[in-house]
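In what follows, a single structure is set out as structure tokens and then discussed.
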Amino acid sequence: MSPTEIDAVIFSSCSSDQYSASIIAEMLGIKPKIAQRIDNLCNSGTTAVISGYGLIASGLCKSALIVGAESRNSPGRTLGWDVTRGSFALPIYWATMYARNHMRTYGTTEEQMAMVAVKNRKNASKNPNALYRKRITVDEVMASKRITYPLKLLDCSSLCTGASAILLLSEVMSSRRVENPVYVTGIGAQTNSASLSKVMSDMNGTGTAKIAAKDAYDMAKKTPKDIDVAELHDAFSIMEIMAYEDLGFVDRGMGGRFVEKGMVATNTRGGILGCGHPLGATGISQVAEITAQLSGDAGRRQVKGCKTGLVHNLSAGGTSATIIILGVD
Amino acid sequence: MKGDFRVPFCRTCRDRVWPPFERCPTCLSKTIFKRISRMGILLEFSTSFISGHAQDFGIVDLEGVHLLGSVQGNNIFLGCTVVMYDCGVDENIRPFYKFRTGT
Ligand SMILES: [Zn+2]
């Protein structure tokens, strides 16, 4: 495919760089109909994918190049506007509140959280693009530096510099160009607030993810049982445990035990814990991983026989969420 | 800078507006800042070691206003009554809210 055939360039980033989508287009020799930048904090990437989907579904475009990039010192690392967080502005504080709530309410243990980090680092060890490819043990997670109670250093992802890109084509165009296309079959997205204050009144799961998941399952005509492989927003280990529940893989409160069983292949690229978190690029990396898995192109980390995959991407303590379901049929 | 904790209320429908804004999200009328009770309920709490020493913090409900603040006291438990004894804006222009247990 030549650059001249690309109708839209969508740039996902929390950076404030001016006119960045148009600059990317020029640097790549593309003269798109539409060039735009999307910023939605940590779920910018999947928000950009939805924008591309909308442009193609409306008939305005036949193809969209969706690029995410972030530098480690991105302004997206905190949300200065949110005065409801007081001096506890860093994401670790809301993650700690979620973790304490889960431990108190459901008996989830620090070891179960550690197992999420161990699994995702193991997966990352098979991903040449992951930042943290060294395997770790539960003991190492438990012995890593205490940041809060109960979160240790290895329960937390790291901001990093990174980039990712996908090419989204119309169904007609993909049937001519791609041998085994992967389809976007379901989309759900929900924003309940920007401030953490609305989340604080109910820490029992992520309300936005539950709504977005239902919409995505309905659109794709799938249920949680149909999901073979999933990329989950594991910015902190507790978030993956909560995602199991919000997505309906298990009943509320059973997420901790689910990680011990590992019934669905999750975060096969290493997740955010294994790959690092280049904010605006993360959601696009997640979509790229599920696409690779469903195409059979995931190399050493290929999940055999997977047909349906899911992407779960959150922002700012779960104030907004995107769920995308992909499939090969 | 030492603060005075006030919350905006809608001049028309009297709704409390939190996070603060000069207009009411329901009817778009102007808001006016008023003092509310500094006594609240601790909804969740834990301990941070980021500053190099143990610091308790948590989610406080002040008459429906939810915020994150530091918590001091010997007997901190879920649902305990806490009082905002200090608030203000720090050198990074971040607001801070400090609570202690008791009434
Ligand atoms: Zn009003």
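Only residues that are open to solvent by 30 Å² or more (accessible area, probe 1.4 Å), of a type outside the set (K, R) and under 18 Å from the mean Cα position of the chain (by Cα) were counted in the stretch A:110-122, giving 0. Looking across the stretch B:21-36 at every residue that is within 14 Å of the ligand (Cβ to nearest atom) and within 14 Å of chain A (Cβ to nearest Cβ), the one that is nearest to B:I59 (Cα to Cα) is identified as B:F21.
Only one of the numbered conditions (1) at pLDDT 95 or above; (2) closer than 30 Å to B:D86 by Cα is violated by A:T78, and that is (1). Restricting to the stretch B:12-50, what's the tally of residues that are assigned to a loop (DSSP other than H, G, I, E, B), of a type in the set (K, R) and either open to solvent by 90 Å² or more (accessible area, probe 1.4 Å) or without any contact (Cβ under 8 Å) to a residue 12 or more places away in the chain (or both)? Residues meeting the conditions: 1. When B:H53 is evaluated against the numbered criteria (1) away from the ligand (no atom under 16 Å from the Cβ); (2) touching a residue at least 12 places away in the same chain (Cβ under 8 Å), which criterion, by number, is the only one it fails? Unmet for B:H53, out of (1) away from the ligand (no atom under 16 Å from the Cβ); (2) touching a residue at least 12 places away in the same chain (Cβ under 8 Å): (2). State whether one or more residues within the stretch A:59-68 are among the charged types (D, E, K, R), outside the structural domain of A:I272 (by TED's automatic domain parsing) and over 18 Å from the mean Cα position of the chain (by Cα). Scanning the stretch A:59-68 turns up at least one residue that is among the charged types (D, E, K, R), outside the structural domain of A:I272 (by TED's automatic domain parsing) and over 18 Å from the mean Cα position of the chain (by Cα).
I'd like the full set of residues that are more than 8 Å from chain B (Cβ to nearest Cβ), of a type in the set (S, T, Y) and either touching an Asp or Glu at 6+ places or on another chain (Cβ under 7 Å) or open to solvent by less than 40 Å² (accessible area, probe 1.4 Å) (or both), limited to the stretch A:76-100. Correct list: A:Y98 only. If the condition is being assigned to a strand (DSSP E or B), near the ligand (Cβ under 10 Å from one of its atoms) and open to solvent by 20 Å² or more (accessible area, probe 1.4 Å), then the stretch B:1-11 contributes only B:F9. For the stretch A:111-122, state whether one or more residues are part of a helix (DSSP H, G or I), at pLDDT below 95 and in contact with a Leu (Cβ under 9 Å, 6 or more places away or on another chain). Among the residues of the stretch A:111-122, not one is part of a helix (DSSP H, G or I), at pLDDT below 95 and in contact with a Leu (Cβ under 9 Å, 6 or more places away or on another chain), which makes the answer no.
B:M39 satisfies every condition listed in (1) within 9 Å of another protein chain (Cβ to nearest Cβ); (2) away from the ligand (no atom under 15 Å from the Cβ) except (1). Looking at the structure I just gave you, is A:A194 in contact (Cβ under 8 Å) with a residue 12 or more places away in the chain, assigned to a loop (DSSP other than H, G, I, E, B), of a type in the set (A, V, I, L, M) and open to solvent by 40 Å² or more (accessible area, probe 1.4 Å)? Judged against the criteria, A:A194 is a match. Only residues that are open to solvent by 50 Å² or more (accessible area, probe 1.4 Å) and touching a residue at least 60 places away in the same chain (Cβ under 8 Å) were counted in the stretch A:123-149, giving 5. Only a single criterion out of (1) touching an Asp or Glu at 6+ places or on another chain (Cβ under 6 Å); (2) farther than 27 Å from A:M203 by Cβ is not satisfied by A:G305, namely (1). Scanning the stretch A:139-197 for residues that are of a type in the set (D, E, K, R) and away from every other protein chain (no Cβ under 14 Å) returns A:D139, A:E140, A:E171, A:R176, A:R177, A:E179. In this structure, is A:M103 within 14 Å of another protein chain (Cβ to nearest Cβ), outside any loop (DSSP other than H, G, I, E, B), among the aliphatic types (A, V, I, L, M) and open to solvent by less than 20 Å² (accessible area, probe 1.4 Å)? No; evaluated as a whole, the condition is false for this residue.
The values are calculated or read from the model by the stated rules, or taken from the named source; none is laboratory data. Quantities reported herein were computed from a predicted structural model and do not represent experimental measurements. Neighbour counts are summed over all protein chains in view; Cβ atoms, including those assigned to glycine, are modelled from backbone coordinates with ideal geometry. When the accessible area is computed, the model is the full protein with side chains, heavy atoms only, and any ligands, DNA or RNA have been set aside. Shrake-Rupley method; radii C 1.70, N 1.55, O 1.52, S 1.80 Å.
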